[in-house]
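S.K.: Before I ask anything, here is the structure I am working with.
The values are calculated or read from the model by the stated rules, or taken from the named source; none is laboratory data. These numbers come from a predicted model, not from an experiment. Cβ sites come from the backbone with ideal geometry, for glycine too, and all protein chains shown count toward neighbours. Surface accessibility is based on the protein's heavy atoms, side chains included, excluding ligands, DNA and RNA. Shrake-Rupley method; radii C 1.70, N 1.55, O 1.52, S 1.80 Å.
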Amino acid sequence: MSQPELAWVERLKAGDAEVLGSLVEQLYPSMIRLARSMLGDAAQAQDAVQETWVAVMAGLAQFEARSSLKTWILRILVNRTRTEVVRRGRTELVAWLDAEPDTPEPAVSPQRFAALGWWNDPPRNWGGEGPEDDLMRKQLRALVLRELDALPAGQRTVVGLRDVEGLSSEEVRAVLGISEGNQRVLLHRGRSRIRAALEREMARGGG
């Protein structure tokens, strides 16, 4: 941990309400997105986040700074969420946390390549600087968010942590308690589904 973050932790342990308020404001959106990605329900996600903050304050004295404060808090959230899922008898929602990684699917269909490896069907260019291109980017962003929300829970959670929250592979593994192989497979499959949806949309737009 950095020295500023260690100073934050000490002020939190001392009961500094200003630091706590800043931390809640900073992490709350990420925590809601993570809980909702696992639970699939906004109200239950709110409850899980509130319970997590109670657990954070109760356990802060035992925080040993072996990870970042954010990683530690998100890990508590995952544990609380997992407990709630099991209590409700919805273990299928978190079965991916214990799954062994299987063979990854190709990111792009092999049929799109010629025998020597070049493209038969190359990706479309999504760039451009005109007003129509700005509108297209907004539409594609909305599509990405819809497709992300439609992914299976494991893929949705891992892609969200990596590509929305900006966590590293190591941080995602620490937060979720999953293996590198499982993290890699879930990320790959989730990104591939979103990429395929984007290409379908671009193909329709391009006539």
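S.K.: Would you mind telling me which numbered condition in (1) open to solvent by less than 50 Å² (accessible area, probe 1.4 Å); (2) under 19 Å from the mean Cα position of the chain (by Cα); (3) aromatic (Phe, Trp, Tyr) residue 28 fails?
M.R.: (1)
S.K.: If you don't mind, there's one more thing I want to ask. What's the number of the condition residue 40 fails, among (1) at negative phi; (2) under 15 Å from the mean Cα position of the chain (by Cα)?
M.R.: (1)
S.K.: Here's a follow-up. Tell me which residues, restricted to the range 17-46, are more than 19 Å from residue 164 (Cβ to Cβ), free of Cβ contacts under 8 Å to residues at least 40 places away in the same chain and not aliphatic (A, V, I, L, M).
M.R.: 18, 21, 22
S.K.: May I pose another question? Need pairs with beta-carbon distance below 6 Å; first residue under 18 Å from residue 47 (Cα atoms) and within the range 67-93, second in a helix (DSSP H, G or I) and of a type in the set (Ser, Thr, Tyr); sequence gap 6+ or separate chains.
M.R.: 76/52; 77/52; 80/52
S.K.: Also, quick follow-up: Of the numbered conditions (1) open to solvent by less than 50 Å² (accessible area, probe 1.4 Å); (2) at pLDDT 90 or above, residue 198 satisfies every one except a single condition; which is it?
M.R.: (2)
S.K.: Restricting to the range 1-50, give me the number of residues that are aromatic (Phe, Trp, Tyr) and under 18 Å from residue 75 (Cα atoms).
M.R.: 1
S.K.: Pairs under 8 Å by beta carbon, first residue touching a residue at least 40 places away in the same chain (Cβ under 8 Å) in the range 2-16, partner part of a helix (DSSP H, G or I) and surrounded by fewer than 13 Cβ atoms within 10 Å (Cβ to Cβ), six or more apart or different chains?
M.R.: 13/61
S.K.: Regarding residue 162, is this residue modelled with pLDDT under 90 and assigned to a helix (DSSP H, G or I)?
M.R.: no
S.K.: Further, regarding this structure: Criterion first (surrounded by fewer than 16 Cβ atoms within 10 Å (Cβ to Cβ), aliphatic (A, V, I, L, M) and either out of contact with any strand residue (DSSP E or B) (no Cβ under 8 Å at 6 or more places or on another chain) or under 29 Å from residue 93 (Cα atoms) (or both)) does residue 35 satisfy it?
M.R.: no
S.K.: From the residues in the range 51-65 that are among the β-branched types (Val, Ile, Thr) and touching a helix residue (DSSP H, G or I) at 6+ places or on another chain (Cβ under 9 Å), which one is surrounded by the most Cβ atoms within 10 Å (Cβ to Cβ)?
M.R.: The qualifying residue surrounded by the most Cβ atoms within 10 Å (Cβ to Cβ) is 52.
S.K.: Looking only at helices (runs of 4 or more DSSP H) that lie completely in the range 1-92, which have at least 1 residues being basic (Lys, Arg) and within 30 Å of residue 148 (Cα to Cα)?
M.R.: In the range 1-92, the matching helices (runs of 4 or more DSSP H) lie at 17-39, 69-87.
S.K.: Another one. Of the residues 53, 96, 72, 126, which single one is over 17 Å from the mean Cα position of the chain (by Cα), at pLDDT 80 or above and among the hydrophobic types (A, V, I, L, M, F, W, C)?
M.R.: From the options 53, 96, 72, 126, the qualifying one is 53.
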